[in-house]
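The structure appears right after this line, and notes come after that.
The values are calculated or read from the model by the stated rules, or taken from the named source; none is laboratory data. All of these numbers come straight from a predicted model, not from anything done at the bench. Here Cβ is always computed from backbone atoms with ideal geometry, including for glycine, and neighbour counts include all displayed protein chains. Side chains are part of the model used for accessible areas, which takes the heavy atoms of the whole protein and leaves out ligands, DNA and RNA. Shrake-Rupley method; radii C 1.70, N 1.55, O 1.52, S 1.80 Å.
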Amino acid sequence: MLVLNHSVLTEFILTGFPGLHQEYYGLVSAVLFFVYLVTLIANATVIFLFATNRSLHKPMYFIILNLSVCDILFSTTTLPKIISRYWFRSGSISFTACFIQMYFVHYLGSVNSFILFQMALDRYLAICYPLRYSHILTKSNILILSITAWIISKASPLMSVIRAYALPYCASNIITHCYCDHIGITVLACTDRTPYAIPAFVFAMVVLLGPLAFIIFSYCSILIAVYKIANVQGRLKSLSTCSTQLIIISLYYLPRCFVYLAQNVGITFSADVRIVIIMLYSLAPPMINPLIYCLRAKDMRESLLKQFCKRLVPRKAQVAAISNS
């Protein structure tokens with residue numbers, strides 16, 4: 001077999017969805033472009049609302065701001081290349097660019113997980129320790145937690161990329177995926193990938209299950225605290241404040257846990273089904289999350305309506321002025 005190392009291999013080929021017929025390329029690229037456009041507009045709207053409304057300068061909305069920034073970066077890292085794969089029939093990606101994409105995919109995934117941890121912490125303190133909430137979760141503390149999440153998430157993905165970049169790669173340069181990730185790249189190495197796969201898997205489990213364990217603990221504690229509230233209306237109000245974040249957390253964790261569980265109990269999927277599931281849990285939440293904020297979070301909804309009315313009233317005034325003249 002012809003063996004090529006990374007000094008000779010100059011590019012990888014992203015297959016996208018392997019079983020997709022060419023007649024559907026245009027439709028798939030249009031759908032992916034629509035998802036990307038909605039993700040950008042929706043999350044940019046959240047950032048704009050936060051920047052222009054001081055009423056949103058609260059710990060909970062600062063966490064949402066971080067999540068919106070992370071979602072925009074993740075979608076921009078993954079979607080443009082796979083869109084060009086089907087739109088312009090351009091599935092090739094340079095060797096170095098693939099590893100850069102791999103780094104940002106795992107880095108931003110880690111940041112996202114830690115941000116969801118902060119969401120659960122916010123609701124846990126607000127409901128279980130309401131009198132101490134404003135003293136513990138101050139703006140400065142949330143800023144420190146957020147900066148910490150963005151910084152500590154760098155180390156392991158960077159180490160994984162450095163170790164994978166130095167591997168010798170065999171003749172095949174075809175990645176059966178929509179973007180470059182650690183498994184998709186390292187399976188192409190013409191060496192035993194176990195010493196590289198195990199640390200990456202352990203890191204993924206720590207990043208995924210660590211925050212998830214606290215999230216489960218926090219919401220169990222919240223349910224116990226809510227159950228102790230005598231007033232039924234008070235119970236419903238307390239639960240409603242958690243509903244938005246619980247939906248967001250479920251969208252992120254449930255599909256991932258299903259995929260990991262299926263792999264461990266022997267449930268197998270075809271390459272196309274596996275990639276569809278991965279793309280759904282990777283790209284659907286960044287598009288849906290801002291819609292959930294604006295529909296469920298009262299302050300966010302009111303800020304959006306205020307901005308809409310502010311722009312609608314001047315237009316009506318202009319129309320009325322033209323009619324009178």
- Item | Candidates Ser55, Ser113 - the one that is within 30 Å of Tyr219 (Cβ to Cβ) and buried (at least 23 other Cβ atoms within 10 Å of the Cβ) | Ser113
- When residues of the range 149-176 are filtered for being open to solvent by 20 Å² or more (accessible area, probe 1.4 Å) and over 22 Å from Gly91 (Cβ atoms), how many remain? 13
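Taking Cys220 as the residue in question, decide whether it is of a type outside the set (A, V, I, L, M) and open to solvent by 60 Å² or more (accessible area, probe 1.4 Å).
Spelling it out, Cys220 is indeed of a type outside the set (A, V, I, L, M) and open to solvent by 60 Å² or more (accessible area, probe 1.4 Å).
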- Query: If you take the residues of the range 1-17 that are open to solvent by less than 60 Å² (accessible area, probe 1.4 Å) and at pLDDT 50 or above, which of them is farthest from Leu280 (Cα to Cα)?
  - Reply: Leu9
- Between a first residue in the range 87-105 that is on the phi > 0 side of the Ramachandran plot and a second residue that is surrounded by 14 or more Cβ atoms within 10 Å (Cβ to Cβ), which pairs have beta carbons less than 8 Å apart while being 6 or more apart in sequence or on different chains? Arg89/Tyr25
- Query: Got a number for residues in the range 11-49 being assigned to a strand (DSSP E or B) and hydrophobic (A, V, I, L, M, F, W, C)?
  - Reply: 3
- Task: Just give me the residues in the range 187-204 being open to solvent by less than 40 Å² (accessible area, probe 1.4 Å) and under 23 Å from the mean Cα position of the chain (by Cα), in sequence order.
- Result: Ala197, Ala200, Ala204
- Message: Just checking, does the range 123-132 include any residue being basic (Lys, Arg) and outside any loop (DSSP other than H, G, I, E, B)?
- Response: yes
- Options Gln233, Gln245, Gln318: the member that is at pLDDT 70 or above, loosely packed, with under 11 Cβ neighbours inside 10 Å and either out of contact with any Leu (no Cβ under 6 Å at 6 or more places or on another chain) or closer than 24 Å to Ala120 by Cβ (or both): Gln233
- Quick count over the range 72-86, residues being open to solvent by less than 40 Å² (accessible area, probe 1.4 Å), under 22 Å from Pro285 (Cα atoms) and either outside any helix (DSSP H, G or I) or touching a residue at least 60 places away in the same chain (Cβ under 8 Å) (or both), is 7
- Query: So which residues in the range 131-140 are in contact (Cβ under 8 Å) with a residue 60 or more places away in the chain and open to solvent by 60 Å² or more (accessible area, probe 1.4 Å)?
  - Reply: Lys139
- Item | In the range 137-192, the residues that are among the basic types (Lys, Arg) and in a loop (DSSP other than H, G, I, E, B) | Lys154
